[in-house]
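Read the structure below first, then the notes.
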Amino acid sequence: MIIFIIIWSLWFISEVILNRLFRSGSNDKKNQDRGSLRIIWVTIGIVNSLGIMSAILLKFPISSNLLIPYLGLFIITSGMILRFISVVSLGRFFTVDVTIRNNHKIKKDGVYRLVRHPSYTGSLISFIGLGISLNNWISLIIISLPIVFVMIHRIKIEERILTGQFGAEYIDYMKKSYRLIPWVY
């Protein structure tokens, strides 16, 4: 049980640190986020609480195999790694709020070559991993579906801003890449 608490805690702490350290600066085009960051955090708080309570109160196991919760931890960790690779790759252009930085450039290489929003992909993978680590179908659905919806809402806002800023260059990039899942979406 301690490994679960450690990984869940590291994941939560890493997200709080990202949220505190990577906000837009005074020289950035701010307030384009439309409150989506707040919506994401409120949703995360609600669905994680409901998902954990469901795992405790309602028994709908994904599998009787004792390795399933550990598979969930592996999935959480994989999502975290993809998210951090994405953040590092985007460098100074990464912010948790939708922002256009001075001298902003579209990132089209590395993990961004195939997927326009690998940081969100990594985050979604981690939330799916949380549901699996709880080994409960209801928890998996309660956690995953709302997170997918708020992330897609956020992506639409971000893509509107990026299209407005970069025009044809971003539209061309959109045609050559996938939103979240390579070769699927």
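Quick check on my filter: what residues within the stretch 110-142 are aromatic (Phe, Trp, Tyr) and under 13 Å from the mean Cα position of the chain (by Cα)? Scanning the stretch 110-142 gives Tyr120, Phe127.
On the given criteria, is Ile161 farther than 30 Å from Pro61 by Cβ, more than 18 Å from the chain's Cα centre (by Cα) and touching a residue at least 60 places away in the same chain (Cβ under 8 Å)?
Answer is yes for this residue.
Would the stretch 31-42 turn up any residue that is of a type in the set (Asp, Glu) and either within 16 Å of the chain's Cα centre (by Cα) or modelled with pLDDT of 95 or more (or both)?
yes
Restricting attention to the stretch 115-125, the residues being over 19 Å from Arg160 (Cα atoms) and either of a type outside the set (S, T, N, Q) or not in a helix (DSSP H, G or I) (or both) number 3. Looking only at the stretch 127-145, which residues are open to solvent by less than 40 Å² (accessible area, probe 1.4 Å) and on the phi < 0 side of the Ramachandran plot? The answer is Phe127, Gly129, Leu130, Gly131, Ile132, Ser133, Leu134, Asn136, Ser139, Leu140, Ile143, Ser144.
Residue by residue through the stretch 158-179, note down the ones that are among the small types (Gly, Ala, Ser) and in a helix (DSSP H, G or I).
Residues satisfying the conditions are Gly164, Ala168.
You will find that of Ile155, Ile128, Ile147, Ile141, the residue that is in contact with a His (Cβ under 7 Å, 6 or more places away or on another chain) and not in a loop (DSSP other than H, G, I, E, B) is Ile155 and no other.
Contact annotation: residue pairs with Cβ atoms under 6 Å, 6 or more positions apart or on different chains, pairing a residue in the stretch 105-128 that is farther than 18 Å from Arg154 by Cα with a partner that is open to solvent by 20 Å² or more (accessible area, probe 1.4 Å) and not in a helix (DSSP H, G or I), are Leu114/Pro182. Against the criterion of being closer than 24 Å to Asp172 by Cβ, part of a loop (DSSP other than H, G, I, E, B) and either touching an Asp or Glu at 6+ places or on another chain (Cβ under 9 Å) or open to solvent by 40 Å² or more (accessible area, probe 1.4 Å) (or both), Val111 does not qualify.
The values are calculated or read from the model by the stated rules, or taken from the named source; none is laboratory data. Remember, predicted model here, so these are calculated numbers, not experimental data. We place every Cβ from the backbone using ideal geometry, glycine too, and count neighbours over all the protein chains shown. Protein only, heavy atoms only, side chains kept; ligands, DNA and RNA dropped before computing areas. Shrake-Rupley method; radii C 1.70, N 1.55, O 1.52, S 1.80 Å.
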